[in-house]
Amino acid sequence: IKSTSNPLPGVICCAGLGSPGLPSPHQPPSASDDPSKVKMMDMALFDRVLAINLRGTVDLIRQTLPYLAQNEPEGDDGERGIVVVVSSVAAYEGQVGQLAYSASKGAVASMVLPLAREVGQKAGIRVMGIAPGLFETGMTKPPKKQDQEKKDDNVAGKKKAGGVAGRTGFNPNMIEYP
């Protein structure tokens, strides 16, 4: 912002990290005479997912709002910018093993309305939440497929098959038209 002298028109908060984890023991308690030796979900991984997906989103919003609030109001509604908050369909329909990811994206989805009410009234900043379904990214691609693609990259002239994001890119209409 300082190097270009251009106003910041908006921000897209799309932090995403998933770490599989089951809250129930990984083996039946009867497999061990000592319940303290039963393998449990790693809470450090759970905390890491929440720190990146939820706290990272809140931190980005917190650091961006002062810049958006400085923008000149535009249009009939005096909009100064937009915050796009990306959660996930997992916030509403999480699968087995997605406890941390679903919890973090559920929290992200839950903050859209109160954030919109606050910064819309006080600063003229529009807040929009989206919850995309599953599409192929580095996070969702199976490791074997990633390894195969690395091998395929070495083959001259081979066309890569991209995921949804690679084929369509970003849809600017959701930002341009309130």
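Restrict the check to segment 61-83 and report whether at least one residue is open to solvent by less than 70 Å² (accessible area, probe 1.4 Å), in contact (Cβ under 8 Å) with a residue 60 or more places away in the chain and under 30 Å from residue 136 (Cβ atoms). Yes, because at least one residue in segment 61-83 is open to solvent by less than 70 Å² (accessible area, probe 1.4 Å), in contact (Cβ under 8 Å) with a residue 60 or more places away in the chain and under 30 Å from residue 136 (Cβ atoms).
For segment 69-178, which helices (runs of 4 or more DSSP H) that fit wholly inside it have 3 or more residues that are in contact with a strand residue (DSSP E or B) (Cβ under 8 Å, 6 or more places away or on another chain), modelled with pLDDT of 85 or more and over 29 Å from residue 25 (Cβ atoms)? Reasoning before the result, please.
On the way: elements: 90-93, 99-110, 112-123, 143-153, 164-168, 173-176.
Once the helices (runs of 4 or more DSSP H) in segment 69-178 are filtered for at least 3 residues that are in contact with a strand residue (DSSP E or B) (Cβ under 8 Å, 6 or more places away or on another chain), modelled with pLDDT of 85 or more and over 29 Å from residue 25 (Cβ atoms), what remains is 112-123.
In this structure, is residue 95 over 21 Å from residue 14 (Cα atoms) and open to solvent by 50 Å² or more (accessible area, probe 1.4 Å)? No.
Listed by first and then second residue, the pairs linking a residue in segment 99-126 that is open to solvent by less than 70 Å² (accessible area, probe 1.4 Å) to a residue that is aromatic (Phe, Trp, Tyr) and at pLDDT below 95, with Cβ atoms under 7 Å apart and 6 or more places separating them unless they lie on different chains, are 100/46. Among the residues making up segment 1-20, a single one is in contact with a helix residue (DSSP H, G or I) (Cβ under 6 Å, 6 or more places away or on another chain) and hydroxyl-bearing (Ser, Thr, Tyr): 19. Can you find a residue in segment 35-45 that is within 18 Å of residue 18 (Cα to Cα), open to solvent by 30 Å² or more (accessible area, probe 1.4 Å) and touching a residue at least 40 places away in the same chain (Cβ under 8 Å)? Yes; the residues of segment 35-45 include at least one that is within 18 Å of residue 18 (Cα to Cα), open to solvent by 30 Å² or more (accessible area, probe 1.4 Å) and touching a residue at least 40 places away in the same chain (Cβ under 8 Å).
The values are calculated or read from the model by the stated rules, or taken from the named source; none is laboratory data. All figures in this text were calculated on a predicted structure; none of them were measured in a lab. Note: ideal-geometry Cβ built from the backbone for every residue, glycine included; neighbour counts use all protein chains shown. These area figures cover heavy atoms from the full protein model, side chains too; ligands, DNA and RNA do not enter into them. Shrake-Rupley method; radii C 1.70, N 1.55, O 1.52, S 1.80 Å.
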